[in-house]
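One structure is given below, encoded as structure tokens.
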Amino acid sequence: MRAIVFNGVGEVALEDRPTPEPGYKEVLIKTAAVGICGTDTHVLDGEFEGTVFPLVPGHEATGTIVALGEGVNDGVFDFQVGDHVAVNPSTTCGECEFCLNGQQNLCPDWNGLGVVASDGACQEMFVAPVRNVFKLKPETDLNEAALIEPLACSIRGWDLLPRKLGSHVLVYGAGTMGLMMAQLAPRMGAASVTIVDLNEDRLRVAAECGIEHRYTSADQADRTQWDVVIDATGSIPAIEDAVTRIKPGGTFQNFGVAPADETAKFSPFRVYRGELNFVGSMAVHNSFGRAVEMFEIGAINAEAMISHSFTLDDYSQALEKFRAGTGRKLQIRPNDSESKVLK
């Protein structure tokens, strides 16, 4: 079986590995599609806290069950070989104060498949705990459904934001996460949604996704302040600009992933005087099942968001394209024999 392996900071290899065996309450999945995410580049660059090398990347994954470990269906589950599934990559210890208080995504031993210390899905087959596996409808497109994991992160983001009818929302970044946050905003009560990105191609995708107000700078918009401002870039200049756009009494969300050692400047006086609210959002938290539901009712324009698929042989090419900011969502399809341009 072939797998992409991060052997260390900046070290990528395509290796032959034994097919993994599912253990107790685990399932073996033949990988359909894996989205490339900014987190993957942070992991490879040594910027993600806790990563243990060597590591198979890939945490936005779907596939088909090919084997069931012992005990999989002894409880509430009813999985069968052949089921189409999406996988929540987040695992936690279940014993710390955060897990016991219902804040599992803040667990100090939080472990994302393909992110921290457990192999992910950039391989022909991978193993996942059954509690992290979600069955899809037979008619659901398995490749497009790899967007469910980032959708689950976006739903978690909105769980932490005020949802008020008639609010005005500004999103920085028209990549996958920004597009999802913007597409969910009207369902959360937004009267208007504005998205900002320096990349004109990404703004064209935003138009396809139904986002009306699209600019390369918030200065071009017809308003100067917003009730909710979301940064989905992780870029320090974008964050520093975004904070200046918050309406008094409004909320800023640090949604994008910035390098752990970088800092941003803002005016503490303005935070005090305007009673501004700042909130972070970390990965998936009790939102994956809802993401499956929302995806399968068409809450996002999945077709518009995916532009390229790559084989394992072309993983490095895909990563270079991602870093250059070209294309839309880029996917690895480990069992395909040909890379394709989809959009």
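The values are calculated or read from the model by the stated rules, or taken from the named source; none is laboratory data. The shown structure was predicted, so the numbers you read here are calculated from the model rather than taken from an experiment. FYI the Cβ positions are ideal-geometry reconstructions off the backbone, even for glycines, and counts take in every protein chain you see.
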Check your understanding: Looking only at segment 203-214, which residues are in a helix (DSSP H, G or I) and either out of contact with any Leu (no Cβ under 9 Å at 6 or more places or on another chain) or at pLDDT below 95 (or both)?
Key -> Leu203, Arg204, Ala207, Glu208
Study note, to complete from the structure: Taking segment 215-249 and the residues there that are within 25 Å of the chain's Cα centre (by Cα) and assigned to a strand (DSSP E or B), the one that is nearest to Thr51 (Cα to Cα) would be Asp231
Practice item. Select from segment 133-161 the residues that are assigned to a helix (DSSP H, G or I) and either out of contact with any strand residue (DSSP E or B) (no Cβ under 8 Å at 6 or more places or on another chain) or basic (Lys, Arg) (or both) and list them in ascending order. Key: Leu151, Ala152, Cys153, Ser154, Ile155, Arg156, Trp158, Asp159
Review point. Does Lys25 satisfy being surrounded by 13 or more Cβ atoms within 10 Å (Cβ to Cβ) and farther than 27 Å from Arg328 by Cα?
Key: yes
Point to revise | From Phe310, Phe288, Phe278, Phe269, residue being among the hydrophobic types (A, V, I, L, M, F, W, C), farther than 24 Å from Ala121 by Cβ and either in contact with a helix residue (DSSP H, G or I) (Cβ under 9 Å, 6 or more places away or on another chain) or surrounded by 15 or more Cβ atoms within 10 Å (Cβ to Cβ) (or both) | key: Phe278
Review point. So which of Cys99, Cys37, Cys122 is at pLDDT below 95 and crowded, with 17+ Cβ neighbours inside 10 Å?
Key: Cys37
Point to revise | Test: Lys164 is surrounded by fewer than 18 Cβ atoms within 10 Å (Cβ to Cβ), touching a helix residue (DSSP H, G or I) at 6+ places or on another chain (Cβ under 7 Å), outside any helix (DSSP H, G or I) and touching a residue at least 60 places away in the same chain (Cβ under 8 Å) | key: no
Practice item. Hey, can you tell me all the residues within segment 172-196 that are in contact with a Ser or Thr (Cβ under 7 Å, 6 or more places away or on another chain) and within 20 Å of Glu240 (Cα to Cα)? Key: Tyr172, Gly173, Met177, Met181, Val196
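Listed here are the residues, each with its yes/no results for (1) of a type in the set (A, V, I, L, M, F, W, C); (2) at pLDDT 95 or above; (3) buried (at least 16 other Cβ atoms within 10 Å of the Cβ); (4) not in a loop (DSSP other than H, G, I, E, B).
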site: His42; (1), (2), (3), (4): no, no, yes, yes
site: Gly58; (1), (2), (3), (4): no, yes, yes, no
site: Val66; (1), (2), (3), (4): yes, yes, no, yes
site: Val72; (1), (2), (3), (4): yes, yes, yes, no
site: Gly75; (1), (2), (3), (4): no, no, no, no
site: Gly112; (1), (2), (3), (4): no, no, yes, yes
**Study point:** Identity of the residue in segment 79-96, surrounded by 16 or more Cβ atoms within 10 Å (Cβ to Cβ) and out of contact with any Asp or Glu (no Cβ under 8 Å at 6 or more places or on another chain), that ends up nearest to Arg156 (Cα to Cα)
**Key:** Ser90
Practice item. Exactly one condition in (1) closer than 14 Å to Ala152 by Cα; (2) among the aliphatic types (A, V, I, L, M); (3) in contact with a helix residue (DSSP H, G or I) (Cβ under 6 Å, 6 or more places away or on another chain) is not met by Ala299; state its number. Key: (3)
Study note, to complete from the structure: Picking from His42, His59, the residue that is touching a helix residue (DSSP H, G or I) at 6+ places or on another chain (Cβ under 8 Å) and assigned by TED's automatic domain parsing to the domain that holds Glu124 would be His59
